[in-house]
Amino acid sequence: MKWFKRLLGLLLVLIIGVIIAVLTVINPFGPSPFNRYTKSGSLELPGLKAPVTVHRDEKGMAYIYAANMEDLLMAQGFVTAQDRLFQMELTKLFASGRISELDGEKARHLDIRIRTLGFARNAARHVQLLDDRTRIFLQKYVDGVNAYIETRPQNIHLEFKLAGIQPSKWSSSDPLTILYFMGWNSAGNMEAEIIAQMLVEKLGPLKAAEIFPLNINPDDEPGAGANLQKPTLAAANLRAALDKTLLSYLDTGSLRLGSNNWVVDASLSHGGKPVLANDPHLETTILPGPWYPCGLITPQMRAVGVTIPGTGGMVVGRTGHIALGVTNAYSDTQDLYVETLDPTSPGHYLEGGQSIPFKVITETLKFKDDSALGGYRTEDIIIRLTRRGPVISGIIPGLQTDKVISIRWSSSEAMASSIGLECLMTCRTISEVRQALKNVNQIALNFVFADSRGDIGWQTTGKLPIRIQREGLLPYVVKDRNDNWIGWIPWQDMPHSVEPARGWVGTCNHLTVGRAYPYHYSTFIAPSYRYRRLSQLMATPTKKSVDDHWQFQRDTLNLMAQKIAPIMAQALVAHSDTRIMGRILAGWDFSDSPDGAAPTIFQAVYREFALLVFADELGDRLATTMLKNRGFWQERLQKMVLAGISSWFDNVRTADRRETRDDLFHQAGLNASQHLATLLGADPENWSWGKVHRHEFLSPVRRSGAGKNFLGGGSHPAAGSAETLYRGIYDFKTPFKIKVSASLRMVADMADPDKILAVLPGGVSGRQFDPHTTDQVAPFMNGEKRYWWFSDKAIEAHTRHTLILKPR
């Protein structure tokens, strides 16, 4: 009967899909309310001071011409809502802790976590501090969004009907809420602290320190790296692994920000002007992709690029004067604190001998519930805050006093009158860019930039505390009223580079500070493989064309495999039951090509090897939790493998023998072979990487089950891996389907007056069955070039629709 129900479900989805497709795509009777909206002609947009012209090109991308900045921002909000309102609503609900309004009870714990972290609370407080320029920037954008909701109810996205919700009005704090949410996802240190604490509790501080992260800056002196937490700073046994509330924060729906960016000056460019390349890495499985592209043009400025739907302006792209690209800086903006409850006074915590009341906040969750009156029910939750931040654990029993753990985040304490991002479009030089970035306190990013004069540079953003204990890999035990944050790293000391002598600068989420850096920067950084490969490509003495940079973004050489695979191959060849796998690895060029079997064997065997190295001491659950965070262990394990000898290679569960590195590689080969044979058959030659390493593009309204392929963008064999510039990251627990990849590939040549090379992983539109939802999937996967148009001439030549927005 199960198969029969699945078949009926599939047929129902197909029938509904065909009906909707006919009505929306080939309807002979005119526009359909399902997904059609006005692209040509004219519309009234209340609030405009002057008419605005919106041209759309062959990709559906909008180029907005306005007489002034306020009208431009309002039209941007309106046009973005035309294309992405449902996506914007989901982002707003998620960042505000309101997903239960869509998903009901199963989203309860996620909403509680998001409400506890308080992105919307921070935004509501921050918006009151803004200067007029920033406040107007936010307000005009949301005015445009709200105008679309109010004036075009007949054109609201089909997805709202399918989800059973209505779009809600936007306030000026909503874009800030999204900014705080993005900022939280740019930091990985909380997860690292929780994992480090569990390791200390399991192994003791000295043994745990052996596998703490090894962070390497390849540009530093040989042997640089190893930001090790001093074992003496380890907190007391908190039994963190048993606290389900605390562990739930390891899964807050993180966007897993990554990325590559670089910029070259005229000495390395064919056109005699800087060239900037950027491919931000985000979760890209949900169509149409996380970025919204748009052209923004007034008589005073011209900007073409992308922003996150729900936020105005431009974050990545170019103007007539500058180009911008971003990566995640992974700087340490978060600390966990061990707080002691006052046993004599409920509702209080101790700072030394002083008892302090928790600040208590009540928030109301709203759950979608068909059985409730009006379709919704509510529940009040209590959030407790210390002077450092919200409590994110349950009560942890102690021998003498009970404990809780709180989280502190610099973004909550670094609110300024400007958010910085609103100034970027009007900057004319890299000095002005750096001045604007000085106010970007809510998110820790690496910006690379160039200007039309030929200058290039790089600057990190975010506000980083100076810590008494210097390092921050383990929770800090509060013992008195003294603050362990004693100030902020001065702006002039934040990592940056201006006019580098070598003619280029780039970042790949790697450690960008050297051992001589006077402050603690981070304990959780991406491995160095991608940046090392970028450095190799840039080291060639020839000038690089735009096409060269486009190919660099799709480079699949795996430098981690280049070091480890020969050792792995030798261990596998030594045994008859893994010899074929070893020979395939021995003949590999270390390129993660979808057609080759070697990448599959390497990834599968190394995954099993890592489990064998750590699971006997840590247990399966803790080992998997640690291994999900590649930045925590990859460089460390590679050092062990290359050394050849480590106590971690011995299986402590086998008292009668002492295993070696090669013993574990052999056993890992057997484990991987069994798994791959089940998936792909017995012949290792047929285990091509593209058969298991696939990029699936899903509709937000059908992410699983029958009909997901019909409504989505299909499943595609993918090159690359977590270790290559062409990024394709899979979840360690569920290999090998891609979760994170480039969310945009862009190459901006300041010498090209007409166009920017760029492609998205889905399309411009977020409307089901709109052809511009998936029309960039194929070029994104196969490398075909697509362009954003920049000059008036190029925009006019590629215009397919023109809409005039008129004041009322």
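The values are calculated or read from the model by the stated rules, or taken from the named source; none is laboratory data. Everything numeric here is computed off the predicted structure, so don't read it as measured data. Here the Cβ positions follow ideal geometry from the backbone for every residue, glycine too, while neighbour counts run over all protein chains shown. The accessibility values were calculated without ligands, DNA or RNA, using every heavy atom of the protein model including side chains. Shrake-Rupley method; radii C 1.70, N 1.55, O 1.52, S 1.80 Å.
A few notes on this one:
- Of the residues making up the stretch 782-805, those that are among the hydrophobic types (A, V, I, L, M, F, W, C), open to solvent by 30 Å² or more (accessible area, probe 1.4 Å) and in contact (Cβ under 8 Å) with a residue 60 or more places away in the chain number 1.
- The set of residues in the stretch 776-798 that are assigned to a loop (DSSP other than H, G, I, E, B) and farther than 21 Å from W291 by Cα comprises S791, H798.
- Residues that are assigned to a helix (DSSP H, G or I) and open to solvent by 10 Å² or more (accessible area, probe 1.4 Å), drawn from the stretch 619-632: D620, R621, L622, T624, T625, R630, G631
- Selection of the stretch 85-122 for residues being of a type in the set (F, W, Y) and within 19 Å of the chain's Cα centre (by Cα) yields F94, F119.
- Residue in the stretch 755-770 that is surrounded by fewer than 16 Cβ atoms within 10 Å (Cβ to Cβ), within 18 Å of E696 (Cα to Cα) and not small (G, A, S) present: no
- Within the stretch 83-98, the set of residues being open to solvent by 20 Å² or more (accessible area, probe 1.4 Å) and either closer than 13 Å to S172 by Cβ or outside any helix (DSSP H, G or I) (or both) comprises R98 only.
- So L637, is it open to solvent by 40 Å² or more (accessible area, probe 1.4 Å), closer than 23 Å to A722 by Cβ, assigned to a helix (DSSP H, G or I) and among the hydrophobic types (A, V, I, L, M, F, W, C): no
- Of all the criteria given as (1) over 30 Å from D370 (Cβ atoms); (2) open to solvent by 10 Å² or more (accessible area, probe 1.4 Å); (3) touching a Pro at 6+ places or on another chain (Cβ under 7 Å), the one not satisfied by T80 is (2).
- Taken over the stretch 555-597, the residue count meeting the criterion of being in a helix (DSSP H, G or I) and either free of Cβ contacts under 8 Å to residues at least 40 places away in the same chain or closer than 25 Å to D279 by Cα (or both) is 12.
- Pairing residues of the stretch 421-437 that are within 11 Å of G457 (Cβ to Cβ) with residues that are hydroxyl-bearing (S, T, Y) and open to solvent by less than 10 Å² (accessible area, probe 1.4 Å), at Cβ distances under 7 Å and at least 6 apart in sequence or on separate chains, gives L437/T461.
- For the stretch 694-721, the set of residues classified as open to solvent by 10 Å² or more (accessible area, probe 1.4 Å), among the aliphatic types (A, V, I, L, M) and in a loop (DSSP other than H, G, I, E, B) consists of V701, A706, A719, listed by residue number.
- Subset of the stretch 511-546 [of a type in the set (S, T, N, Q) and either part of a loop (DSSP other than H, G, I, E, B) or at positive phi (or both)]: T512, S522, T523, S528, T540, T542, S545
- Residue in the stretch 323-341 that is assigned to a loop (DSSP other than H, G, I, E, B), in contact (Cβ under 8 Å) with a residue 60 or more places away in the chain and farther than 28 Å from G258 by Cβ present: no
- Filter pass, G295 being out of contact with any Gly (no Cβ under 8 Å at 6 or more places or on another chain), under 27 Å from G454 (Cβ atoms) and at pLDDT 95 or above: yes
- Candidate set: the stretch 493-543, residues that are among the aromatic types (F, W, Y) and more than 25 Å from the chain's Cα centre (by Cα); chosen: the one surrounded by the fewest Cβ atoms within 10 Å (Cβ to Cβ): Y517
- Residue pairs meeting the criteria (Cβ under 8 Å; at least 6 apart or on separate chains; first in contact (Cβ under 8 Å) with a residue 24 or more places away in the chain, in the stretch 178-198; second open to solvent by 10 Å² or more (accessible area, probe 1.4 Å) and among the charged types (D, E, K, R)): N185/R256
- Those strands (runs of 3 or more DSSP E) lying entirely in the stretch 260-308 with at least 1 residues under 26 Å from L138 (Cβ atoms) and open to solvent by 10 Å² or more (accessible area, probe 1.4 Å): 281-283, 302-307
- Scan the stretch 728-751 for residues that are open to solvent by 30 Å² or more (accessible area, probe 1.4 Å) and either modelled with pLDDT of 95 or more or touching a Lys or Arg at 6+ places or on another chain (Cβ under 9 Å) (or both) and the total you get is 5.
- Which numbered condition V326 fails, given (1) surrounded by fewer than 24 Cβ atoms within 10 Å (Cβ to Cβ); (2) over 22 Å from the mean Cα position of the chain (by Cα); (3) at pLDDT 95 or above: (2)
Results for (1) farther than 28 Å from A444 by Cα; (2) part of a helix (DSSP H, G or I); (3) charged (D, E, K, R), shown as yes or no for each residue.
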position	(1), (2), (3)
L130	no, no, no
Y141	no, yes, no
V145	no, yes, no
E150	yes, yes, yes
F160	yes, yes, no
I178	no, yes, no
M182	no, yes, no
M190	no, yes, no
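- Looking only at residues of the stretch 438-456 that are buried (at least 19 other Cβ atoms within 10 Å of the Cβ) and out of contact with any helix residue (DSSP H, G or I) (no Cβ under 8 Å at 6 or more places or on another chain), we find that the one that is nearest to N278 (Cα to Cα) is V448.
- Among the residues of the stretch 481-510, the ones that are among the acidic types (D, E), closer than 25 Å to W262 by Cα and assigned to a loop (DSSP other than H, G, I, E, B) come to 1 in all.
- Count of the stretch 145-174 residues, restricted to those that are surrounded by 24 or more Cβ atoms within 10 Å (Cβ to Cβ) and either charged (D, E, K, R) or within 17 Å of the chain's Cα centre (by Cα) (or both), is 1.
- Test result for R108, open to solvent by 30 Å² or more (accessible area, probe 1.4 Å), in contact with a helix residue (DSSP H, G or I) (Cβ under 9 Å, 6 or more places away or on another chain) and not in a helix (DSSP H, G or I): no
- If you filter the stretch 457-492 down to residues that are aliphatic (A, V, I, L, M) and open to solvent by 30 Å² or more (accessible area, probe 1.4 Å), you find that the one that is farthest from Y519 (Cα to Cα) is V477.
- Of the residues S186, S171, the single one that is among the small types (G, A, S) and farther than 22 Å from R530 by Cβ is S171.
- Qualifying residue in the stretch 39-55 (condition: in a loop (DSSP other than H, G, I, E, B), in contact with a Ser or Thr (Cβ under 7 Å, 6 or more places away or on another chain), surrounded by fewer than 22 Cβ atoms within 10 Å (Cβ to Cβ) and in contact (Cβ under 8 Å) with a residue 24 or more places away in the chain): yes
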